[in-house]
1. Over the Cα atoms of the chain, Rg to Rh with Kirkwood Rh, two decimal places?
2. Taking a probe of 1.4 Å, how large is the accessible area per residue of the stretch 1-64, in Å²?
3. Provide, as a two-decimal number, the C-alpha radius of gyration of the stretch 34-79 over 2.2 N^0.38 Å, N being how many residues it has.
4. Rank by packing, highest mean first: peptides 8-21, 61-74, with packing defined as the count of other Cβ atoms within 10 Å averaged across residues.
5. Just the number, please: carbon plus sulfur as a percent of the accessible area of the chain, 1.4 Å probe, no ligands or DNA/RNA counted.
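The values are calculated or read from the model by the stated rules, or taken from the named source; none is laboratory data. What you see is a predicted model, and the numbers here were worked out from it, not measured in a lab. All Cβ positions, even for glycine, are placed from backbone atoms using ideal geometry, and neighbour counts span all protein chains on display. Each accessible area value is taken on the protein alone, full model and side chains, heavy atoms only, with ligands, DNA and RNA left out. Shrake-Rupley method; radii C 1.70, N 1.55, O 1.52, S 1.80 Å.
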Amino acid sequence: MEMLKKFFPFSFKEKKDVAALVINIIIFVVIGVIIGVVMGLLGKIPVVGILTGIVGTVIDLYITATIVLSILHYCKVIK
């Protein structure tokens with residue numbers, strides 16, 4: 001569990017109510033959209049396109065895991 005807290009620090013911050021959880025989720029969704037747009041623009045460059053695709057996928061997986069862990073932490077499934 002300590003390893004998860006090291007890699008996903010924003011997921012394990014205490015959220016006092018549902019509004020804080022929703023704000024946390026919205027922030028990560030907006031970050032994901034912004035990074036997706038940047039990766040889409042950089043993906044049009046032929047040589048950089050493959051690398052941005054890989055990096056974009058890793059970032060999307062990280063954001064998805066952060067959101068899931070935030071919800072699980074809020075519901076007290078994981079501590």
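1. Values: Rg = 14.8 Å, Rh = 13.6 Å.
We get a ratio of 1.09 for the chain.
2. On the way: 4760 Å² over 64 residues.
Dividing the accessible area of the stretch 1-64 by its residue count gives 74 Å².
3. Working: Rg = 14.6 Å, N = 46, 2.2 N^0.38 = 9.4 Å.
Compared with the compact-globule rule of thumb, the stretch 34-79 sits at 1.55.
4. Values: 8-21: 12.8, 61-74: 16.4.
Averaged packing, sorted descending, gives the order 61-74, 8-21.
5. Numbers: 4450 of 5630 Å².
About 79 percent, which is the carbon plus sulfur part of the accessible surface.
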